[in-house]
1. Sort 148, 44 so that the residue with the fewest other Cβ atoms within 10 Å of its own Cβ comes first and the one with the most comes last.
2. Among 180, 122, which comes first, then next, by fewest other beta-carbon atoms within 10 Å?
3. Given a Förster distance of 30 Å, report the FRET efficiency between residue 181 and residue 64 from their Cβ-Cβ distance, rounded to the nearest 0.05.
4. Could you check how many percent of all C-alpha pairs in segment 138-200 are farther apart than 17 Å?
5. Using Cβ contacts closer than 10 Å as the measure, can you line up 146, 118 from fewest to most?
6. Find how much the distance from residue 76 to residue 195 grows on full extension, using 0.36 nm per residue of separation minus their present alpha carbon separation; answer in nm with one decimal.
7. What number do you get for segment 58-103 when its Cα radius of gyration is normalised by 2.2 N^0.38 Å, N = residues?
């Protein structure tokens, strides 16, 4: 009789454990789906930002071209600026691209590794962008001073350079803000993935 009771208790415990495991599995699936939806939402602003760059850069170059000519600067300098800006947009497009299918159904560990690689590439690209900007600015200042001397109005060149310095500082602050926000977005998603994979 006691043996029958023990067997019945064991069967009940097994059944309860099975129900508990089933609930845990369902909860895990729900948690993973929530993380995947969150990943898609968090990465979407980066995608929108890059598309914004694609629209803004050609407009900026078209508006800047007449002003560039008015200052008497070479078209080589303008071409350098244009190529640099287009390359920057293409780099952002390539680096920040992650297939939606990978976010929604891809292996989470691989996704985490892809996001970590993205962070590294983004840092390298940001540094390259700063170097290109520095080269352009030195070239810009040199040409502007020479053009101003030829026109007999050196004072105007320093006013324009001062305005350019202010514009570059403001642009750098904005670029640094966007860069850090992108890196933080990756960090948040990687942390969420780590929490889910640890539970496994």
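Values quoted throughout were computed directly from the atomic coordinates according to the rules given, and no laboratory measurement underlies them. Fair warning: this is a prediction, and the values are worked out from it, not measured in the lab. Ideal geometry is used to build each Cβ from the backbone, glycine not excepted, and the neighbour counts take in all protein chains shown.
1. Numbers: 148 20, 44 12.
Ordered by Cβ neighbours within 10 Å, fewest first: 44, 148.
2. 180, 122
3. Numbers: r = 26 Å, r/R0 = 0.88.
Once the sixth-power term is evaluated, E becomes 0.70.
4. Details: 1203 of 1953 pairs.
Within segment 138-200, distances greater than 17 Å cover 62 percent of Cα pairs.
5. Values: 146 14, 118 21.
In order of increasing Cβ crowding within 10 Å: 146, 118.
6. Values: separation 119, 0.36 × 119 = 42.84 nm, distance 5.17 nm.
Roughly 37.7 nm would be gained on extension.
7. Numbers: Rg = 15.4 Å, N = 46, 2.2 N^0.38 = 9.4 Å.
Its radius of gyration relative to the 2.2 N^0.38 Å reference: 1.63.
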